[in-house]
Each structure stands twice: as structure tokens, then as C-alpha cells.
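Participant: Quick one: structure below, then a few questions.
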Amino acid sequence: MHYKSTRGNSCVHSSQEAVLKGLADDGGLYVPDHFTYFSINDLKAMSEGTYIDIANRVLCRILDDYREDVLKQCIANAYGTGFENNEPAPLVSLDKNTSVLELWHGPTCAFKDMALQLLPELMSAAVRDTGEEKTILILVATSGDTGKAALEGFKDVDGTKIVVFFPEHGVSDMQKLQMVTQEGANVHSIAISGNFDDAQTGVKNIFTDTVLIEELDRKGYMFSSANSINWGRLVPQIVYYFSSYAALLKKGSISCGERINFVVPTGNFGNILAGYYAAKMGLPVNKFLCASNQNNVLTDFFQKGIYNRNRDFYKTLSPSMDILISSNLERLIYDVADKKAKTVAKFMNRLKTEGRYAIPEELHEKITDIFYGDYIDDAETSQVIARYFKNFGYLSDTHTAVALGVLDRYREAFEDETHTVVVSTASPYKFGKAVAQAIIKNSDLDKYSEFELLKLLEKETAVKIPEPIAKVMEKPVLHSIKCSKEDMSKTLRGLL
Ligand SMILES: *Cc1c(COP(=O)(O)O)cnc(C)c1O
């Protein structure tokens with residue numbers, strides 16, 4: 001299968017190349033030139049299988065240039081261990097029409113694990129298959145979740161090395177502790193004095209520093225990236241849309257072929273786009289509800305057909321969705337614009353120069369046929385957490401609560417009874433401070449540390465703290481390198 005750039009001026013001949021390259025040379029994103037199709041019988045067959053069985057069925061058809069036995073081994077390595085109860089994506093029923101797909105039972109307790117447990121395996125296999133002899137050097141700038149999930153995914157994977165830069169004072173105590181206690185012989189996490197943008201700029205500078213690239217090339221390294229526009233990060237996420245449908249079939253909650261809704265808490269538009277691709281491949285979907293926080297650039301896009309990033313940026317209780325440029329939206333526009341790369345390039349150029357673009361009415365109608373967008377603010381997010389705990393005994397994190405809140409509003413407005421899967425992206429204990437404040441009505445919670453708050457929350461709700469979070473509190477600190485934002489490439493040279 002060929003992969004083309006959404007902007008039209010780059011093409012690679014296999015998913016392996018797309019996975020290793022990440023971003024296309026023209027600045028666009030790689031997309032496959034056609035989609036495979038899963039029939040009703042395929043869906044029925046999936047309902048008999050485990051997550052790994054379903055992943056094998058789905059991924060062997062999509063990543064058809066990998067040797068089947070190699071790909072199955074990658075999948076077994078990624079999902080065979082490391083997820084609680086060996087269930088990577090359990091589906092929890094709330095009521096007759098509502099289920100929650102929990103994607104946070106992996107090693108870092110957030111949904112990034114679903115992709116970042118498999119991506120390193122896919123890269124490593126692609127390197128072996130293409131005869132590449134260099135060690136892949138992954139550089140990540142992180143504001144929290146991605147860095148830890150990437151460290152866990154790449155740790156001790158043959159032929160790879162990973163270096164994560166995080167802002168020393170720009171991540172939560174929990175996120176920092178998760179990164180500085182990281183085990184593995186090929187991993188480094190480095191605190192930089194500066195904010196997330198400084199870390200990101202520093203990494204971008206390293207990627208384009210030709211002197212450094214040559215120097216590392218001589219030492220046997222090639223750079224790659226693990227961020228969410230890589231095809232290898234998107235494609236593992238298609239699997240759980242199928243697995244949730246299979247679970248509903250198995251429980252008898254829906255009949256085969258019946259359409260369902262998904263509501264997805266969205267930032268960079270990677271997760272929800274994977275759902276859209278699943279629908280293109282035959283998954284029966286009625287609507288995708290795109291849920292945002294107060295950074296509601298996507299809500300406006302779906303409601304008005306105008307993407308406008310010229311607006312205030314808010315730090316919210318759901319920080320992993322605090323984003324004003326949703327990179328993967330480009331792939332959706334390419335698809336609904338009938339693969340007219342020139343049109344996509346024009347919009348993306350406007351976004352860069354003017355910060356906004358408007359799509360024609362005809363495209364907007366096509367998009368709103370299947371997508372609906374809405375948002376809720378922080379105050380409502382806290383109320384939703386409290387309400388769902390009270391009414392259903394269900395404890396959600398702040399990102400999942402945004403999805404639940406948007407679903408409630410949608411149902412009130414449209415009286416749509418379609419069975420809806422709420423895509424849950426983090427353990428409540430990953431964002432425990434905000435969750436504790438929503439649940440425990442006590443005015444002096446501020447005097448507790450984050451870890452004391454988790455214990456209080458556990459006591460109050462009887463929902464157990466997940467093992468990776470409980471354990472991280474006892475682990476020794478293994479990484480203590482700090483550097484200034486100016487010294488990032490010097491520090492990197494020192495490590496290699
Ligand atoms: C990354 C993240 C999201 C947003 O996912 P996208 O694929 O960027 O839309 C939502 N919730 C959590 C907890 C995340 O870590």
C-alpha cells in the first residue's frame with residue numbers, strides 16, 4: 001500500500017517507511033491510498049476474540065507490508081503483558097445505552113499507552129526489515145503524558161534509544177516522578193529550565209541541526225519522532241474502536257450491524273480520527289461526538305466550519321486537551337475533500353499565516369453528517385465528576401468527564417437513544433488532585449500533597465489506586481540531569 005502526503009508532494013511505498021519517517025517532507029501527514037473493509041461477518045468473528053486476536057485481524061489487514069508473523073509478534077509484545085488483568089481496553093457498562101471504554105490500564109495509566117506500547121515494536125521491526133543498521137534515536141518534548149508513555153514503550157526495545165525533555169516546573173508532581181524513576185538501559189529523561197514551548201523548540205532545533213545530525217550519523221544514530229502525527233501511532237488506536245463494538249455484540253447490548261455513537265475527549269484529534277478510520281473500514285457508526293474543554297477551537301470548527309486559533313489559551317483541569325492546533329484534523333479534511341491535496345495545503349497555509357481558515361459549506365455538511373462538536377468548562381467538568389460518582393458510582397478523570405458532560409448535553413438537545421461508547425482516556429488517579437477536589441467537599445484540601453490527596457480519594461471512593469501509580473511513589477530516582485534550554489544539544493551529545 002502507498003502512503004501519500006496530505007499536501008501532495010511526498011509519497012512513500014510502505015507503512016514501514018511512513019512509520020520510520022513520521023512527518024512527510026512537505027510538512028504534510030502520511031495517509032494510505034485506500035482503506036481495507038471489514039464485513040458484518042468479520043465483526044461477528046471479532047466478538048469471539050481477545051484484544052490480541054482483534055488487533056491481529058485489524059492490523060494485519062492495514063499494515064499489509066509487515067510480514068504477518070512479525071506483526072503478530074509485535075502485537076503480542078505490546079499487549080501481552082503490561083496491561084492490568086491482560087485486558088488493554090475493558091468496556092464498562094453504565095446503563096442500557098451507555099458504556100465506557102477504559103483505555104488506561106497500561107503502564108502509565110493514560111490512553112497514550114495503547115499506541116506507544118506498539119509503535120516502538122513497529123519501528124524496530126521496520127528497521128530490521130528495511131535493513132537499516134542505525135540505532136533509532138527518539139527525541140520527545142513533553143508536557144507530561146506523552147513523555148512517560150514513550151519512555152515506557154521504548155524501554156529496552158532493541159535498536160532504539162529515547163531521550164525525553166520535560167520542563168522542570170511545567171509538569172505535575174506525579175508526571176515528574178513517573179519520568180525520573182523510569183527504568184531501562186536505553187532511556188534518559190532530562191529536566192530543562194524553561195517551559196514546554198522551550199523544550200519543544202529545543203527539540204525542533206536539534207532535528208534540523210545538520211552538523212549534529214551528521215555527527216550522530218557517524219556514531220550510528222538516526223532521529224525519529226514518536227508524536228501523534230506518526231501513522232504508527234494512529235493505527236494501533238483503530239483496534240479499540242472495533243474491540244468495543246465486539247464487546248457490545250458479545251454482551252448482547254446491540255445487534256450485529258447496529259450503528260453506535262462514540263464520544264471522545266479530544267486534543268490533537270488523533271484518537272477520534274482513528275475512530276473515523278474504523279468507520280470507513282466498515283464499523284457501523286452513527287455519530288462521533290468531539291468533546292473539548294474551554295480551548296474549544298474544534299467545537300467552533302464543527303458548528304461553524306471555521307477553524308480559528310486566534311483566541312485566548314486556557315490552562316484547564318484537562319491539560320492533555322489544552323491545544324489550539326489539532327494536527328490530525330488535516331487528515332480528516334484531506335479525506336472529505338476527496339484527497340485534493342492542493343485544497344488541504346491551501347487551508348494549512350492559511351492556518352500558518354493568518355491563524356484561521358474557513359471550509360466551503362459542502363465540506364462542512366459532509367463533516368457534520370458524522371461529527372458533532374461541543375465543549376464544557378472546568379466548573380461543569382467538576383460537577384460531572386461528582387454527578388457520575390453519585391448517580392452511577394463511576395469515578396472518571398477530568399478528560400473523560402469532559403466527554404460525559406458533552407454526551408449529557410447532546411442527549412438533552414437531540415434525544416438520540418443510540419448506544420454510546422464514552423472513550424475514557426486516563427485513570428482518575430492520574431489527575432487525582434482535580435478529581436479529589438470534585439468529590440471531597442472539604443475547603444482545606446490545598447494543604448495536602450498530591451500523594452496524600454490520592455490516598456484520601458481512595459478512602460472516600462473505595463476505587464483502588466492503580467498499581468503503577470501506587471508503586472511510583474516508592475521507586476528510586478534514576479534520572480537527575482538538568483540543563484538550561486540553550487544547552488539541550490550539548491547535553492544530548494554528552495549522553496551518546
Ligand atoms: C492525549 C490525551 C487526550 C487527547 O487525545 P488526542 O488524540 O490528542 O485527541 C485526551 N485525554 C488524555 C488523558 C490524553 O493524554
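Participant: Past 22 Å, Cα to Cα: identify those pairs from LYS4/LYS280; LYS176/LYS482; LYS112/LYS250, in the order given.
Facilitator: Beyond 22 Å between Cα atoms: LYS112/LYS250.
Participant: Hey, what number do you get for the chain at 222 nm if only DSSP H runs of n ≥ 4 count, each worth -39500 (n - 2.57), divided across all residues, to the nearest 500? Spell out each step's value before the answer.
Facilitator: Working: 23 runs with 231 residues, N = 496.
My calculation for the chain gives -13500 deg cm²/dmol from helical runs alone.
Participant: Straight distance only, please: which aspartates and glutamates reach the Cα of LYS340 with their own Cα at less than 13 Å, same-chain residues fewer than 8 apart left out?
Facilitator: Partners within reach: ASP33, GLU330.
Participant: With a cut-off of 8 Å between alpha carbons and a minimum separation of six or more residues, what is the relative contact order of the chain in percent?
Facilitator: On the way: 931 pairs, mean separation 90.8, N = 496.
Here the relative contact order equals 18 percent.
Participant: Roughly how big is region 449-496's charge dipole about its Cα centre, with Cβ charges of +1 (Lys, Arg) and -1 (Asp, Glu), in debye to the nearest 20? Let's see the in-between values first.
Facilitator: Values: 9 positive and 8 negative charges, 55 e Å.
For region 449-496, the charge dipole is close to 260 debye.
Participant: Below 8 Å, C-alpha to C-alpha, sequence gap of six or more: please give me the relative contact order for region 332-434 in percent.
Facilitator: Numbers: 71 pairs, mean separation 20.6, N = 103.
Contact order relative to length: 20 percent.
Participant: Now a separate question. If packing is taken as the mean number of other Cβ atoms within 10 Å per residue, what is the order of 341-353, 104-116, highest first?
Facilitator: On the way: 341-353: 15.8, 104-116: 26.9.
Ranking the peptides 341-353, 104-116 by packing returns 104-116, 341-353.
Participant: Express the carbon and sulfur contribution to the solvent-accessible surface of the chain as a percent, rounded to the nearest whole number, probe 1.4 angstrom. Intermediate results must be reported in sequence, preceding the final value.
Facilitator: On the way: 9380 of 20250 Å².
That share works out to 46 percent.
Participant: What ranking do 484-490, 283-289, 208-214 get when scored by the average of other Cβ atoms within 10 Å per residue, highest first? Don't skip to the answer; put the middle values down first.
Facilitator: On the way: 484-490: 15.7, 283-289: 19.9, 208-214: 11.3.
The packing order, highest mean first, is 283-289, 484-490, 208-214.
Participant: Which whole-angstrom value gives the distance between the alpha carbon centres of region 415-482 and region 20-62?
Facilitator: 33 Å
Participant: Report, in debye and to the nearest 20, how large the dipole of the chain comes out about its Cα centre when Lys and Arg carry +1 and Asp and Glu carry -1 on their Cβ.
Facilitator: 300 debye
Participant: In region 356-450, what is the count of Lys pairs whose alpha carbons are under 21 Å apart, counting only pairs at least 8 residues apart or on separate chains? Write out the running numbers ahead of the final one.
Facilitator: Numbers: LYS390/LYS430; LYS390/LYS433; LYS390/LYS441; LYS430/LYS441; LYS430/LYS447; LYS433/LYS441; LYS433/LYS447.
For region 356-450, the number of qualifying lysine pairs is 7.
Participant: Something else now. Might you report the magnitude of the Cβ-based charge dipole of region 82-165 about its Cα centre, with Lys and Arg at +1 and Asp and Glu at -1, to the nearest 20 debye?
Facilitator: On the way: 7 positive and 13 negative charges, 45 e Å.
The calculation lands at about 220 debye.
Participant: Using the Cα centre of the chain as origin and beta-carbon charges of +1 (Lys, Arg) and -1 (Asp, Glu), tell me which of GLY22, VAL423, TYR241 is placed farthest towards the positive end of the dipole.
Facilitator: Most positive-ward Cα: GLY22.
Participant: Same structure again: Name the long-range amide H neighbours of ILE325: under 5 Å, sequence gap of 5 or more, or other chain; modelled H, no Pro or chain starts.
Facilitator: Result for ILE325 returns nothing.
Participant: Using each residue's phi in region 12-25, evaluate 6.51 cos²θ - 1.76 cosθ + 1.60 at θ = phi - 60° and report the 3J(HN,Hα) Karplus result to the nearest Hz, with x for Gly and Pro.
Facilitator: Going residue by residue, I get 10, 9, 7, 5, 4, 5, 4, 5, 6, 7, x, 9, 6, 4 Hz, with x marking Gly and Pro.
Participant: For the chain, report the accessible area per residue in Å² (1.4 Å probe, heavy atoms, rounded to an integer).
Facilitator: Values: 20250 Å² over 496 residues.
In whole numbers, the chain has 41 Å² accessible per residue.
Participant: Helix check for the chain. Which DSSP H runs span at least 30 Å along their own axis by Cα, with a mean Kyte-Doolittle hydropathy no less than -1.0?
Facilitator: none
Participant: Before anything else, pin down the relative contact order of region 112-215: Cα pairs under 8 Å, at least 6 apart, normalised by residue count, whole percent. Intermediate results must be reported in sequence, preceding the final value.
Facilitator: On the way: 157 pairs, mean separation 27.6, N = 104.
Relative contact order, region 112-215: 27 percent.
Participant: Considering the options PHE165, ALA358, ALA185, tell which one lies farthest towards the positive end of the dipole of the chain, charges being +1 on Lys and Arg and -1 on Asp and Glu at the Cβ, about the Cα centre.
Facilitator: With unit charges placed on the Cβ atoms, the residue in question is ALA358.
Participant: State the answer as a single residue: which of PRO466, ILE306, ILE370 lies farthest towards the positive end of the charge dipole of the chain, with beta carbon charges of +1 for Lys and Arg and -1 for Asp and Glu, about the Cα centre.
Facilitator: The Cα lying farthest towards the positive end belongs to ILE306.
Participant: Determine, for each peptide in 226-239, 456-469, the mean count of other beta carbons within 10 angstrom over its residues, then list the peptides with the highest first. Don't skip to the end; give the middle numbers.
Facilitator: Working: 226-239: 24.1, 456-469: 15.9.
Going from most to least packed, we get 226-239, 456-469.
Participant: With N residues in the chain, what two-decimal value do you get for its Cα radius of gyration over 2.2 N^0.38 Å? Please report the intermediate quantities before stating the final value.
Facilitator: Values: Rg = 21.7 Å, N = 496, 2.2 N^0.38 = 23.3 Å.
Taking the Cα Rg and dividing by 2.2 N^0.38 Å, one obtains 0.93.
The values are calculated or read from the model by the stated rules, or taken from the named source; none is laboratory data. Note that the coordinates shown come from a computational prediction; the quantities given were computed from them, not determined experimentally. Because the Cβ atoms are built from the backbone with ideal geometry, glycine has one as well, and the counts that use them run over all protein chains shown. Heads up: the accessible areas ignore ligands, DNA and RNA and are worked out on the full protein's heavy atoms, side chains in. Shrake-Rupley method; radii C 1.70, N 1.55, O 1.52, S 1.80 Å.
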